[in-house]
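Input: a single structure, listed below in structure tokens.
The values are calculated or read from the model by the stated rules, or taken from the named source; none is laboratory data. No experiment lies behind these values; they were computed from the predicted model shown. Positions of Cβ are generated from backbone atoms using ideal geometry, with glycine treated the same way; all protein chains shown enter the neighbour counts. Only protein heavy atoms, including side chains, enter the accessible area calculation; ligands, DNA and RNA are left aside. Shrake-Rupley method; radii C 1.70, N 1.55, O 1.52, S 1.80 Å.
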Amino acid sequence: MLNKVSKLPLIGSAFVSRLEKLEIKTIHDLLYHIPVRYDDFSLVSKISEVKYNQTVTITGTVKEIKNIFTRRKYVLQKGVVYDETGEIKATWFNQRFLVNSIHQGDKINLSGKIEKDGFKSPEFEIVKNFCLHTGRLVPVYAETAGISSKWLRSRIYNALKLIEIDETLDENILKEHHLLDLKTALFQIHFPDNLEM
């Protein structure tokens, strides 16, 4: 874990210098970059059951997404997602890349607060086996320019999957005191199953 953070996939030299601003130089530093808080996106709901002002995650299929150009030269991204119970609109602001990241027919999670006309700037994630950014307690980290919490989540998750983490306590001590092993503890710090964990 004391190897340089650049040994991990998808961390090039530009990111190494940005990470140093967060005092992250080694893989150990990255794994011990503890969340400052969690966004609670763990309430998963059908579209027909969402309520105004509720923070929720919905899983659905993208019906459409497109850029809308306004008179004031702003660009809105407007999408419609549906499930078996209904449709919901989502709007993002000045994120033109979204129409290249989200496509019609994609199965997607949207997480955020429900407003009168749907989601405004929700977190989104194409649904895979394990969701990092939606549908759960989502870690939020100290950030710096060019290093977002979303970026950190994916790199920390990769590190936890790839790196061998040596246990520091004797197995008898873990059992006697009902402690998690170190790798499980680190995983639960970053991606807790629930508030209790």
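Given just the C-alpha atoms of the stretch 112-197, how large is their convex hull per residue in cubic angstrom?
Hull volume over Cα atoms, normalised by residue count, gives 141 Å³.
Quick query: amide H of L43 versus all other amide H atoms, modeled in the peptide plane; which residues come in under 5 Å with a sequence gap of 5 or more or a different chain?
T57
Between K183 and N158, what is 0.36 nm times their sequence separation minus the Cα-Cα distance? Round to one decimal in nm.
Between K183 and N158, full extension yields 7.7 nm more.
Would you calculate, for the chain, the mean residue ellipticity at 222 nm contributed by helices, counting each DSSP H stretch of 4 or more residues as -39,500 (n - 2.57) and dividing by all residues, to the nearest 500?
Taken over the chain, the calculation gives -6000 deg cm²/dmol.
How big is the accessible area of E64 in square angstrom, nearest 10, if you roll a 1.4 angstrom probe over the protein chains?
80 Å²
Calculate the dipole size of the stretch 1-74 relative to its Cα centre from +1 charges on Lys and Arg beta carbons and -1 charges on Asp and Glu beta carbons; express the result in debye to the nearest 20.
500 debye
Quick one: of K4/K150; K89/K116; K66/K128; K78/K128, which pairs are farther than 18 Å apart, Cα to Cα?
Violating the 18 Å limit, Cα to Cα: K4/K150; K66/K128; K78/K128.
Using the Cα atoms of the stretch 1-60 to build a convex hull, what is its mean projected area in square nanometres?
6.5 nm²
Leaving out ligands, DNA and RNA, what percent of the accessible area of the chain is carbon and sulfur, probe 1.4 Å?
50 percent
Using a 1.4 angstrom probe, figure out how much accessible area the chain has per residue, in square angstrom, rounded to the nearest whole.
60 Å²
Stretch K116-T168 to full length: gain in nm at 0.36 nm per residue minus the Cα-Cα span?
Full-extension gain reported as 13.6 nm.
Taking every pair of alpha-carbon atoms in the stretch 82-154, what share in percent sits in each 5 Å bin, from 0 to the bin with the longest distance?
With 5 Å bins starting at 0, P(r) equals 3, 13, 21, 27, 22, 10, 3, 1, 0.
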